[in-house]
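What follows is one structure encoded as structure tokens, with my remarks underneath.
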Amino acid sequence: MAKRIGGKQSGMTMWSLLFVGAVVVFFVLLFFKLAPPYMDNYKVVTAVKNVAGQPNAASMSREDIANALGRHFEIDDVDNVDLKKALRVERSNPNGPAVIHVTYQVRVPVAYNITALIDFDDSAPVGAK
């Protein structure tokens, strides 16, 4: 029985309870769909920082950096990053410090024909720990 406050009935109807439940279920499912790409991105950020912090990182070529990141990705089981497309090494001048950039997108199917597109852009200066 609903409680009466000041002559008005209070509480939720069955339909409003179902609506609130559906919204909660939607966001919980969305969280479970989107959590794995963000956990993989954490592994990518850690790998980029580790490679950039290596003592010989300043003298490494793009291929050496790609190989080092590839080893980290293999160990951490990161499959959604193609280093041939995603890796960019920028140097302000030929002898200056480099910055490692890994830029990639992840498409996550949410429901039916709805897809979430997540852009990641991770970078670390070489020589920084």
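Numbers below:
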{"quantity": "Test result for residue 1, assigned to a loop (DSSP other than H, G, I, E, B), open to solvent by 70 Å² or more (accessible area, probe 1.4 Å), at pLDDT below 90 and in contact with a helix residue (DSSP H, G or I) (Cβ under 8 Å, 6 or more places away or on another chain)", "calculated": "no"}
{"quantity": "Check on residue 58, on the phi < 0 side of the Ramachandran plot, more than 26 Å from the chain's Cα centre (by Cα) and surrounded by 12 or more Cβ atoms within 10 Å (Cβ to Cβ)", "calculated": "yes"}
{"quantity": "Residue 82 being at pLDDT 90 or above and surrounded by fewer than 10 Cβ atoms within 10 Å (Cβ to Cβ)", "calculated": "yes"}
{"quantity": "Test result for residue 41, more than 26 Å from the chain's Cα centre (by Cα) and under 24 Å from residue 127 (Cα atoms)", "calculated": "no"}
{"quantity": "Every residue from the range 52-80 that is of a type in the set (S, T, N, Q) and touching a residue at least 12 places away in the same chain (Cβ under 8 Å)", "calculated": "54, 80"}
{"quantity": "Those residues of the range 93-129 which are exposed (fewer than 14 other Cβ atoms within 10 Å of the Cβ), within 21 Å of residue 55 (Cβ to Cβ) and without any contact (Cβ under 8 Å) to a residue 60 or more places away in the chain, in sequence order", "calculated": "94, 95, 96"}
{"quantity": "Per-region count, the range 61-79, residues exposed (fewer than 15 other Cβ atoms within 10 Å of the Cβ) and among the hydrophobic types (A, V, I, L, M, F, W, C)", "calculated": "1"}
{"quantity": "Test: residue in the range 103-123 that is more than 25 Å from residue 31 (Cα to Cα) and of a type in the set (Lys, Arg)", "calculated": "no"}
{"quantity": "Matching residues, the range 14-45, being β-branched (Val, Ile, Thr) and within 19 Å of residue 84 (Cα to Cα)", "calculated": "44, 45"}
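The values are calculated or read from the model by the stated rules, or taken from the named source; none is laboratory data. Source: prediction; values computed, not measured. Cβ coordinates were reconstructed from backbone atoms using ideal geometry, including for glycine residues, and neighbour counts include every protein chain displayed. Surface accessibility is based on the protein's heavy atoms, side chains included, excluding ligands, DNA and RNA. Shrake-Rupley method; radii C 1.70, N 1.55, O 1.52, S 1.80 Å.
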